[in-house]
Amino acid sequence: MTASNRIPSTLAKLALPALLLTLAACETTGDAPYAPDASMGMLIARDSCAGCHQTGLNGDSPNEDATPFHEVASRPGMTEESLAAWLRDGHNYPAEMNLRLEPHQVDSLVAYMLRLRSGQPIS
Ligand code: HEC
């Protein structure tokens, strides 16, 4: 039977628009898909951090031991470098933070977290 390694036509119909969307998304980010991006950082924060940390502009964290991101960001002396260095080195993490971040994820998270200082929502 040769049909078994062909994509069923219904699946192909679904996959093509998805592929076109993916290509369109790549075009808008240009040649640097890993450029630090605060909007991407917001998505990562909501996906991977919001279970414990408050990731928005204000409010308390769901886990009271996890500092709200707006507080981390506005801590005196907090810089892009110091926050990125902390996040890059998983050894700093408390046991609860059982996750691993890629360098471009760190950079986008830092861009997002430091944007919280502006008090402006990110779209
Ligand atoms: C399962 C819960 C949990 C998740 C998920 C989590 N954290 Fe945490 N995080 C904590 C706790 C608890 C602390 C505080 C540890 C301490 O003070 O000893 C912390 C501390 C931190 C700190 C240091 C805060 C400070 O006060 O200096 C940063 C920065 C941080 N987390 C970032 C993140 C990021 C970014 C993510 C998502 C990629 C994340 N965390 C996901 C629980 C979590």
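The values are calculated or read from the model by the stated rules, or taken from the named source; none is laboratory data. Predicted, not measured: the structure shown is a model, and the values here were computed from it. Cβ sites come from the backbone with ideal geometry, for glycine too, and all protein chains shown count toward neighbours.
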Hey, among the residues in the range 78-96 that are loosely packed, with under 13 Cβ neighbours inside 10 Å and among the acidic types (D, E), which one's nearest to the ligand (Cβ to nearest atom)? E96
Condition check: of a type in the set (S, T, Y), touching a Cys at 6+ places or on another chain (Cβ under 8 Å) and at negative phi. Does T55 satisfy that? yes
Collect the residues in the range 47-96 that are over 21 Å from P121 (Cβ atoms), among the charged types (D, E, K, R) and touching a helix residue (DSSP H, G or I) at 6+ places or on another chain (Cβ under 7 Å), keeping them in residue-number order. R88
Residues that are within 15 Å of the ligand (Cβ to nearest atom) and at pLDDT 95 or above: which helices (runs of 4 or more DSSP H) entirely in the range 1-77 hold 2 or more of them? 38-44, 69-73
Could you give me the residue pairs with C-beta distances under 7 Å whose first residue belongs to the range 50-76 and is without any contact (Cβ under 8 Å) to a residue 40 or more places away in the chain, whose second residue is acidic (D, E) and more than 12 Å from the ligand (Cβ to nearest atom) wherever it lies, and which are 6+ apart or on separate chains? Q54/D60; P68/D60
Is it fair to say L99 is within 20 Å of P121 (Cα to Cα), in contact with a Cys (Cβ under 9 Å, 6 or more places away or on another chain), within 11 Å of the ligand (Cβ to nearest atom) and of a type outside the set (V, I, T)? no
